[in-house]
Amino acid sequence: MRGHVLGESHRPSPQEISDCDGKMLQYLVRQNRLDLALFPTENMKHACLFLTLQKWLVYVVRTFKENNIFVIVLKGIPLNHLLYGERCIRRSKDIDLWVSPDQLVHAHRCLLGLGFVLDSALSPEELETSSSTFLKESIVDFTYNHASEKISIELHQRTQVVASILFPDPETCSFVTILDTRIPILNLETYFVYLCAHAASHHWSRLQWLVDLAIFYMKFPLDWTMVMKVANETASVRALYESLTLLRSFFKLDTPSFSLSLLDRFSIWYRLKFFRKIWHKPLSNSRILFLSTLLYPYVSQKYRLTIGTVFNTNLCRGQISRYPTHPMWVILFTVLFSHYIKREFRYA
């Protein structure tokens with residue numbers, strides 16, 4: 001894998017081939033979303049989906065621009081173009097759009113006009129008229145599915161994994177050109193921190209995310225002073241340090257080093273200890289929850305994690321029945337605790 005990413009030439013020996021467990025290799029490649037990179041000719045289905053998403057992405061961005069809605073596109077198709085050009089290397093199943101909260105309702109109406117249907121119990125219009133500050137701070141995104149095509153869009157009013165990133169000024173953004181259309185993305189330093197935080201929040205469960213960061217690191221010279229500033233402002237230092245540690249370990253990249261507190265170093269060491277297990281075998285929910293709390297250094301971030309997994313995902317969207325058994329103690333704790341600290345709790 002390292003040789004494939006770094007462009008090194010390595011021909012496996014007959015002994016290495018005979019020692020390889022073919023079924024395990026196929027399983028790991030599929031689970032870690034590396035099949036498009038390693039076997040591109042065998043994935044025409046995903047290539048067709050990639051082209052369909054690309055077409056709709058350009059159409060939606062152009063429509064938003066005509067309606068004076070500035071949108072940032074997260075991950076997905078633009079990230080593939082940024083890192084790999086026009087080759088379909090990354091799997092994408094939906095389109096992630098980020099708009100400022102004051103343009104959320106306008107963007108919602110535009111998507112409805114394009115034939116998308118809201119797949120949430122609460123609409124942006126209802127959220128705007130709600131008097132609940134807690135509800136407005138808890139809702140992160142809205143999901144839309146197209147009425148006739150299998151296209152899904154997530155409309156964000158804030159980023160989910162790094163909630164304290166402020167909506168950027170259009171003049172500070174970077175752009176990716178797709179089908180003669182300039183697609184706005186985060187500036188490179190913020191984007192790198194965002195990708196680190198996204199992968200770390202999912203416990204590096206897919207090696208594709210680490211490959212993306214390796215390509216990103218080698219392709220773009222970053223201002224590391226700005227990177228550390230963004231990481232500190234968004235409380236993503238642990239996620240950034242985890243990423244750089246993994247890049248050094250797996251790809252032998254000469255990444256910068258930073259001084260961390262003893263608690264930060266211990267939390268990162270403990271989380272990294274389990275990553276090889278995650279890549280081969282899923283961990284228990286209790287272990288995953290504990291690893292999640294170690295990632296976030298502040299109580300407000302741990303609280304936001306609880307809100308995101310319990311309140312936002314289930315209560316706000318009226319989908320609590322999806323649980324096999326109702327975790328009533330979790331619901332009660334979430335509601336009471338949120339009421340207690342709602343004045344102190346802020347996203348950014």
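Applied to the range 289-295, the Karplus parametrisation 6.51 cos²θ - 1.76 cosθ + 1.60 on θ = phi - 60° returns per-residue 3J(HN,Hα) values of 4, 5, 5, 5, 5, 6, 5 Hz, with x for Gly and Pro. Karplus-derived 3J(HN,Hα) values for the range 203-211, using 6.51 cos²θ - 1.76 cosθ + 1.60 with θ = phi - 60°, are 6, 6, 5, 10, 5, 4, 5, 5, 4 Hz; glycine and proline are entered as x.
Computing FRET efficiency as 1/(1 + (r/R0)^6) for Thr225 and Arg287, where r is the C-beta to C-beta distance and R0 is 41 Å, gives about 0.70. Going from the fewest other Cβ atoms within 10 Å to the most, the residues Val211, Val193 appear in the order Val211, Val193.
Simple spin-label estimate for Phe258 and Lys65 gives 3.4 nm between the two label positions (7 Å along the Cα-to-Cβ direction from each Cα). Scanning residues 5 or more positions from Ile178 or on other chains, those with amide H under 5 Å from its amide H are Ile183, with H placed 1.01 Å from N in the peptide plane.
Along the range 60-70 the Karplus relation, 6.51 cos²θ - 1.76 cosθ + 1.60 evaluated at θ = phi - 60°, assigns HN-Hα couplings of 5, 4, 5, 5, 4, 5, 4, 9, 6, 10, 8 Hz to successive residues, with x for each Gly and Pro. Subtracting the Cα-Cα distance of Asn187 and Arg265 from their residue separation scaled by 0.36 nm leaves 25.3 nm.
When both the range 136-188 and the range 63-117 are represented by their alpha-carbon centers, they are found 5 Å apart. Residues Phe70, Phe142 in ascending order of nearby Cβ atoms (within 10 Å, fewest first): Phe70, Phe142. Calculate the FRET efficiency for Glu86 and Arg109 from the Cβ-Cβ distance with a Förster distance of 41 Å, rounded to the nearest 0.05. Working from the Cβ atoms, E equals 0.80.
A Förster radius of 41 Å, combined with the Cβ-Cβ distance separating Glu128 from Thr52, puts the computed FRET efficiency at roughly 0.85. Residues whose amide H comes within less than 5 Å of that of Ile95, counting only those at least five positions distant or on another chain, are Ser152, Ile153, Glu154 (H built at 1.01 Å from N in the peptide plane).
Pairs spanning more than 21 Å between alpha-carbon atoms, out of Lys75/Lys273; Lys75/Lys219; Lys252/Lys273: Lys75/Lys273.
The trypsin sites (Lys or Arg not before Pro) of the range 62-138 that meet both conditions, a loop assignment by DSSP and at most 16 other Cβ atoms within 10 Å of the site Cβ, are Arg87, Lys93.
Read-outs throughout are calculated quantities, based only on the coordinates presented, and are distinct from any laboratory measurement. Just so we're clear, the structure is a prediction, and the values are computed from it rather than from any experiment. When we count neighbours, we look across all protein chains shown, and the Cβ atoms used for this are built from the backbone with ideal geometry, even at glycine.
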